[in-house]
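Rule-based calculations on the coordinates, nothing more; no lab input. The structure displayed is predicted, hence computed values, not measured ones. Cβ placement follows ideal geometry from the backbone for every residue including glycine, while neighbour counts extend to all protein chains displayed.
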Amino acid sequence: MAKDRADSEAKKKKGKRGKILMLAVPGLLLVGLGTYFGLGMLNSKPAKAAVQPPVSYGIGPITTNLEDGHIIQDQMTMVVTGGVTAGELKSDQPQITNLVIETLSGWSYNALLSPGGKAQLRSEIETRLDGLLRAIPGSKAKVSELYFTNFIMQ
């Protein structure tokens, strides 16, 4: 009978040990997974800021005299990247228009008719507009494209 009692107590101890293990193992797994993913989140890189799409902005129509007395009527669309809005560009419209007029006034009719003349003009205006946009405090704006949408000379 003493042996039966000892066996009974041994079974009870095994049963308690089994219950403890059945509760402890999943608990430890959950703690381990939580720690793994929690630390993983701490070490992860911050999400990139949402990239703002480029903004298209129309310039003109502008009519002015060329250097040699001929007249030009020009209209352009510039594509600007760097988080600038159309509203911000609109507030700079007088400076943009002035810059284009000054640039056009320095060109002659024959220079614009020559092969590559319009491409050189486009490049010059693009560079000067870039400088104007970068002069705005805190601006990261950049002219990525410039398109002539109307170009008439007389």
- Sparsely packed GluC sites (Glu not before Pro) within region 101-154, loop by DSSP, other Cβ within 10 Å at most 14: none
- Query: Near the amide H of S144, under 5 Å away, which other amide H atoms are found, from residues 5 or more places off or on another chain, if H is placed in the peptide plane?
  - Reply: V79, V80, T81
- Task: Take each of the peptides 109-115, 127-133, 92-98, average the number of other beta-carbon atoms within 10 Å over its residues, and list them starting from the highest.
- Result: 127-133, 92-98, 109-115
- Message: Rg over Rh of region 62-131, using C-alpha atoms and the Kirkwood radius, what does it come to?
- Response: 1.00
